[in-house]
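A short write-up of the structure that comes next.
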Amino acid sequence: MTNVYEQIGGAAAVDTAVDIFYRKVLSDPLISHFFDKVDMDRQIAKQKSFLTMAFGGPNNYTGKDMRAAHKDMHLTEAHFNAVAGHLVATLEELKVPQNLIDEVMAIVASTHDDVLNL
Amino acid sequence: MPDLTFNSGTFSLREHESVLDCLLRNQQIIPYACKAGMCQACLVKAVDCEAPENAKKWIKQTLQARGYALACQWVPDTDVEVSLPSVEEFAVAVRIKSLDLLNHRVMRLVLDVREGDRMFQYYPGQYLTLTNQDGISRSYSIANNYEQDHVIELHIGQTPRGLFSSWLFTKARPGDVLHIRGPAGDCFYTQQEQDDYPIVLAGTGTGLAPLYGIIHEALRQRHQGPISLFHGGRTVQDLYYCAELSKLAEQYPQFHYFPSCLDAADSIPDELSGKLETGMLDAVLDRHLDTATIAQTRVFLCGAPELVHALRKKIFLKGAKSGHIFCDPFLERSIPGSIPEQVGR
């Protein structure tokens with residue numbers, strides 16, 4: 001059984017998705033300021049590995065990294081939901097079937113406590 | 001704390017201290033410029049030890065294989081010994097062919113690669129690291145095509161109390177020998193599947209150097225799509241190559257030149273009459289950017305880091321692909337007791 005990552009087209013799909021997703025994130029006044037000071041190349045590389053992980057592709061994700069990356073940012077439920085919402089909208093824009101979106105969002109939900117440092 | 005051995009001296013590393021910082025703290029002579037892994041001036045060889053991956057990943061695999069690493073990125077957690085690469089092994093000796101002012105603060109430096117020296121491959125828009133006889137290194141972008149001109153052209157801005165530019169503006173003479181290393185950087189023109197995509201280039205001051213090289217390379221390769229150059233300065237005196245660029249725009253219908261300055265000019269040179277716009281570079285860009293073709297457009301940005309990052313974000317949000325935006329931000333470094341010197345081009 002193939003995973004979401006393979007079904008939507010692997011690394012090429014991630015490349016397409018990352019631009020759409022990152023553009024949505026940068027345009028959202030609730031969260032865009034978190035990205036003002038960071039280098040875009042590095043940020044896009046990080047978003048790519050995040051999407052790859054969320055799609056169930058090859059990754060070396062650890063909850064510890066996710067926790068460290070978001071430490072001291074004072075993130076709230078609203079921030080987490082905003083990013084999750086942009087990801088859903090991205091996948092819808094790419095016409096990914098709903099059952100696959102659900103699978104991706106289940107993985108995203110599993111990062112909730114690490115992202116918010118709970 | 002671990003020890004660092006260099007040139008038969010041994011120094012104690014402080015916590016989280018890089019090899020480069022430790023050597024500089026101990027008054028050792030080692031070329032360096034950006035301290036950010038970009039310029040590769042601080043290349044060192046690991047002697048009987050191995051550099052960590054993060055100090056090696058910046059350099060070519062052939063160099064990694066020979067034990068080289070960047071001193072600025074290497075924070076040792078065990079005793080290490082390093083040595084400088086031999087000049088003969090890495091640097092190419094060049095001779096200053098000519099020096100002439102392009103405006104009140106920009107020098108055009110033309111370099112002759114000396115006879116008998118091996119030639120190297122580069123793309124206009126990439127940068128070289130120059131070292132003068134005093135051991136001072138700086139990186140500058142290449143403004144021309146070597147294959148065509150058989151010389152290397154660089155544009156060097158005068159920086160108050162900048163060590164390299166002061167030397168260049170006051171002491172350097174044609175015939176002087178410099179050493180160059182490189183090239184590096186990924187801000188250059190490549191003709192891909194098609195030759196009709198739009199190109200947008202924007203920069204301030206000597207940020208024009210790589211853009212000028214890229215434009216000429218694109219035209220030389222008969223690029224068919226529209227090429228738009230946005231060159232900004234604080235005042236009209238900060239612009240240069242205005243006549244050359246205006247002429248180029250007359251010669252090539254696909255090339256468009258948009259000069260601008262922040263302050264309204266008292267008198268406008270003839271070649272800029274009717275062309276010069278006033279305002280922030282991003283506002284000028286906004287007025288002319290074709291959003292209908294932005295998803296296909298390749299974008300090249302060069303200049304002060306804040307400007308490059310702001311323009312990049314803006315153009316990305318307008319719909320350019322992140323992989324199509326090539327940036328060459330000038331890196332800055334503070335020298336204790338002086339105004340920050342612009343290391344970049």
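When region B:81-90 is filtered for residues that are of a type in the set (A, V, I, L, M) and open to solvent by 20 Å² or more (accessible area, probe 1.4 Å), the ones remaining, listed by number, are B:Leu84, B:Val87. Being exposed (fewer than 12 other Cβ atoms within 10 Å of the Cβ) and under 30 Å from B:Leu311 (Cβ atoms) is a property that A:His79 lacks.
Residue count for region B:268-312 under the criterion of being surrounded by fewer than 18 Cβ atoms within 10 Å (Cβ to Cβ), within 12 Å of chain A (Cβ to nearest Cβ) and touching a Leu at 6+ places or on another chain (Cβ under 9 Å): the result is 1.
Out of A:Thr52, A:Thr62, one residue alone is more than 12 Å from chain B (Cβ to nearest Cβ) and surrounded by fewer than 18 Cβ atoms within 10 Å (Cβ to Cβ). It is A:Thr62. Scanning region B:3-26 for residues that are acidic (Asp, Glu) and without any contact (Cβ under 8 Å) to a residue 60 or more places away in the chain yields B:Glu15, B:Glu17, B:Asp21.
Residue-by-condition table, conditions (1) touching a strand residue (DSSP E or B) at 6+ places or on another chain (Cβ under 8 Å); (2) open to solvent by 20 Å² or more (accessible area, probe 1.4 Å); (3) modelled with pLDDT of 90 or more:
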{"site": "B:Val19", "(1), (2), (3)": "yes, no, yes"}
{"site": "B:Cys22", "(1), (2), (3)": "yes, no, yes"}
{"site": "B:Gln27", "(1), (2), (3)": "no, yes, no"}
{"site": "B:Gln40", "(1), (2), (3)": "yes, yes, no"}
{"site": "B:Gln61", "(1), (2), (3)": "no, yes, no"}
{"site": "B:Ala69", "(1), (2), (3)": "yes, no, yes"}
{"site": "B:Asp79", "(1), (2), (3)": "yes, yes, yes"}
{"site": "B:Ala93", "(1), (2), (3)": "yes, no, no"}
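Pairs linking a residue in region B:90-118 that is among the aromatic types (Phe, Trp, Tyr) to a residue that is in a strand (DSSP E or B) and at pLDDT below 95, with Cβ atoms under 6 Å and 6 or more positions apart or on different chains, are B:Phe90/B:Arg181. Scanning region B:179-225 for residues that are of a type in the set (Val, Ile, Thr) and either open to solvent by 40 Å² or more (accessible area, probe 1.4 Å) or under 29 Å from B:Val94 (Cα atoms) (or both) turns up B:Ile180, B:Thr190, B:Thr204, B:Thr206, B:Ile214, B:Ile215.
Closer than 30 Å to B:Asp328 by Cα, of a type in the set (Gly, Ala, Ser), open to solvent by less than 50 Å² (accessible area, probe 1.4 Å) and within 14 Å of chain B (Cβ to nearest Cβ): does that describe A:Ala11? For A:Ala11, the condition - closer than 30 Å to B:Asp328 by Cα, of a type in the set (Gly, Ala, Ser), open to solvent by less than 50 Å² (accessible area, probe 1.4 Å) and within 14 Å of chain B (Cβ to nearest Cβ) - is not met.
Condition check: of a type outside the set (A, V, I, L, M), assigned to a strand (DSSP E or B) and open to solvent by less than 10 Å² (accessible area, probe 1.4 Å). Does B:Phe230 satisfy that? Let's see the steps before the verdict.
Numbers: of a type outside the set (A, V, I, L, M): yes; assigned to a strand (DSSP E or B): yes; open to solvent by less than 10 Å² (accessible area, probe 1.4 Å): yes.
Yes; evaluated as a whole, the condition is true for this residue.
Is it fair to say B:Gly175 is surrounded by fewer than 16 Cβ atoms within 10 Å (Cβ to Cβ) and not charged (D, E, K, R)?
Judged against the criteria, B:Gly175 is a match.
Scanning region B:42-59 for residues that are within 18 Å of B:Pro2 (Cβ to Cβ) and buried (at least 22 other Cβ atoms within 10 Å of the Cβ) yields B:Val44, B:Ala51, B:Ala55.
Are any residues in region B:314-329 part of a helix (DSSP H, G or I), facing another protein chain (nearest Cβ under 9 Å) and modelled with pLDDT of 90 or more, and if so, which ones?
Of all residues in region B:314-329, those part of a helix (DSSP H, G or I) come to B:314-317, B:322-324.
From the residues that got through so far, the ones that are facing another protein chain (nearest Cβ under 9 Å) too are B:316-317, B:322-323.
Residues satisfying the conditions are B:Phe316, B:Leu317.
Checking each residue in region A:14-47 for being within 10 Å of another protein chain (Cβ to nearest Cβ) and open to solvent by 70 Å² or more (accessible area, probe 1.4 Å) picks out A:Asp15, A:Thr16, A:Ser27, A:Asp36, A:Lys37, A:Asp41.
The values are calculated or read from the model by the stated rules, or taken from the named source; none is laboratory data. A quick note: this is a predicted structure, and the numbers were derived from the prediction, not measured. We place every Cβ from the backbone using ideal geometry, glycine too, and count neighbours over all the protein chains shown. When the accessible area is computed, the model is the full protein with side chains, heavy atoms only, and any ligands, DNA or RNA have been set aside. Shrake-Rupley method; radii C 1.70, N 1.55, O 1.52, S 1.80 Å.
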